[in-house]
């Protein structure tokens, strides 16, 4: 029996962790014990707690209740709490997901204690080091013992950074193992899609059955905190909705909801707030989000996870960033990078609405990435 300590803290990590927890529960419970530590980086109930219930994830064994704050203070508090738990639990592996401050804190704490780090979603690069997520993912990769990349581009990124692709087990921090695992989020989307059909009522609640609509999500701080960018984005949303007479559904991240009135031009804010076809709403559950993604005509987002989910369900995506880690989506013509430019967002929206034919090949694995990861962890320990 091996023991893993899984670090989660933000909504996407909770969702990703569901895949590994489900694989352990269904196929590896006699060989893998999972201890779950929630840093509390996301503290809004709709952004965190409800996900444990919906996704069937065990309640965390530890919760640091860190909450929001400046990067340094938040990360330092996490490192301190994670270190204490690592010393107490003595896991065989620390599992971290993605690129948040929780990921970085876990990697720092475990590397100092010589506990092997397993990074799920390794190798992703935006090539923009002004993004805190880019710093987090690079630093985590370079202290990890086992790196699981969801895509071939992630593997190529790691190879360019000096990682050897043919290291032999047993793997260590100085002899890391690099794997093309497929995407645990694809595992989840396949698993929860049918559950969403049965349990989510959001399409009927919004009276959207059989009607075209665009799903939009905006949450990154460079988009919400900079008035010029936020105005550019919402001007585009308003104009697309008005010109094409199409509904835009926009579940608001707490940061976005807080800054909307403060940072938008008063006239634009009033237009957005009172336009009958722009539906501003509170954050939705994961199952509701899947329902919205499956039924939308198009997706506009600055979220990496939502970009992928749009691709899984065959929906074109407007990427409201200057770059993306998921370059495969753009290469297939299924995504267009528009940054916060009103003109570019509108042009991309009209492009997809007026007959573009993007491709959606299966490039994210076979839906069994979590099982592959568990098997590799066991094989490494046994050697």
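Could you work out how far helix 254-263 tilts from the main Cα principal axis of the chain, as a 0 to 90 degree angle to the nearest 10?
The helix 254-263 is inclined about 40 degrees to the chain.
Going by alpha carbons, how many degrees (0 to 90, nearest 10) lie between the helix axis of 11-23 and the longest principal axis of the chain?
50 degrees
If you average the C-alpha positions of the range 258-275 and of the range 122-162 separately, how far apart do those two centres end up, in angstrom?
Centre-to-centre (Cα) distance: 37 Å.
As a footprinting exposure proxy, order 96, 249 by other Cβ within 10 Å, with the fewest listed first.
Ranking 96, 249 by Cβ neighbours within 10 Å, fewest first, gives 249, 96.
Sorted from fewest to most neighbouring beta carbons within 10 Å, what does the list 156, 274 look like? Don't jump to the answer; show the numbers that get you there.
Working: 156 14, 274 8.
Ascending Cβ contact count within 10 Å gives the list 274, 156.
Relative to the present Cα-Cα distance, how much length would full extension add between residue 29 and residue 257 at 0.36 nm per residue of separation? Mind showing how you got there, number by number?
Working: separation 228, 0.36 × 228 = 82.08 nm, distance 4.12 nm.
Taking residue 29 through residue 257 to full extension adds about 78.0 nm, to one decimal.
Using Cβ contacts closer than 10 Å as the measure, can you line up 66, 143, 120 from fewest to most? Provide the component values of the computation, followed by the final result.
On the way: 66 24, 143 17, 120 28.
Lowest to highest Cβ neighbour count: 143, 66, 120.
Treat each spin label as a single point 7 Å out from the Cα along the C-beta direction, and report the residue 129 to residue 270 distance in nm.
According to this spin-label approximation, the distance is 4.7 nm.
Does anyone have the angle between helix 286-295 and the longest principal axis of the chain? Alpha-carbon axes, 0 to 90°, nearest 10?
50 degrees
None of the figures in this text is laboratory data; all of them are computed from the coordinates on show. Because the structure is a prediction, the values reported are computed rather than measured. With ideal geometry, Cβ positions are generated from the backbone for all residues, glycine too; neighbour counts draw on all protein chains shown.
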